[in-house]
Amino acid sequence: MDRISKSLRSDVMRRVKSKGSRLERLLQISLWHRGIRYRKNVATLYGKPDIAMLGKGIVIFVDACFWHRCPEHCRKPHNNQDYWHEKIEKNKARDLNVTEYYIQKGWTILRFWEHDIKIS
Ligand SMILES: [Zn+2]
């Protein structure tokens with residue numbers, strides 16, 4: 001991999017990541033204001049849900065449009081197509097696997113696209 005595409009890639013990653021975490025925070029703040037108590041980024045649960053309400057058996061995932069291939073917003077970069085394709089397909093496969101796991105357990109699993117979360 002050449003130097004330019006490497007720096008471009010890390011630049012894209014940085015932007016996408018910081019945007020995702022900001023949106024997760026907005027959702028968390030919104031739940032908190034509604035009196036809904038939760039734990040966030042629960043590493044002990046499968047797939048590390050962004051938000052979990054343990055007593056209620058509810059987990060919430062916020063899927064970044066880019067990383068999880070949102071049909072509306074995921075535009076693959078022109079460079080390193082193979083790299084991105086593989087990475088995003090892996091994420092999709094893991095998403096399905098995680099969803100299936102919680103359904104099997106009888107839990108409620110909610111998935112939001114990052115574009116579903118709006119400031120209001
Ligand atoms: Zn989207």
Exercise for the section: Looking only at segment 98-108, decide whether some residue is part of a helix (DSSP H, G or I), open to solvent by less than 20 Å² (accessible area, probe 1.4 Å) and either within 21 Å of residue 22 (Cβ to Cβ) or out of contact with any helix residue (DSSP H, G or I) (no Cβ under 8 Å at 6 or more places or on another chain) (or both). Expected result: yes
Fill in the blank from the handout: Contact list, first residue from segment 105-117 and more than 12 Å from the ligand (Cβ to nearest atom), second anywhere and open to solvent by 50 Å² or more (accessible area, probe 1.4 Å) and not basic (Lys, Arg), beta-carbon distance below 9 Å, six or more apart or interchain, is 105/46; 107/101; 109/101; 109/103
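Residues checked against (1) away from the ligand (no atom under 14 Å from the Cβ); (2) open to solvent by 90 Å² or more (accessible area, probe 1.4 Å); (3) of a type in the set (Asp, Glu):
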{"position": "23", "(1), (2), (3)": "no, no, no"}
{"position": "28", "(1), (2), (3)": "yes, no, no"}
{"position": "46", "(1), (2), (3)": "yes, yes, no"}
{"position": "64", "(1), (2), (3)": "no, no, no"}
{"position": "78", "(1), (2), (3)": "yes, yes, no"}
Handout entry: First in segment 71-87 and in a helix (DSSP H, G or I), second anywhere and loosely packed, with under 12 Cβ neighbours inside 10 Å, Cβ under 9 Å, 6 or more apart
Key = 83/1
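The values are calculated or read from the model by the stated rules, or taken from the named source; none is laboratory data. If you're wondering where the values come from, they're calculated on a predicted model, not measured in any experiment. Here the Cβ is made from the backbone with ideal geometry for all residues, glycine too, and neighbour counts use every protein chain on show. Remember, those area values only see protein heavy atoms, side chains included, never the ligands or the DNA or RNA. Shrake-Rupley method; radii C 1.70, N 1.55, O 1.52, S 1.80 Å.
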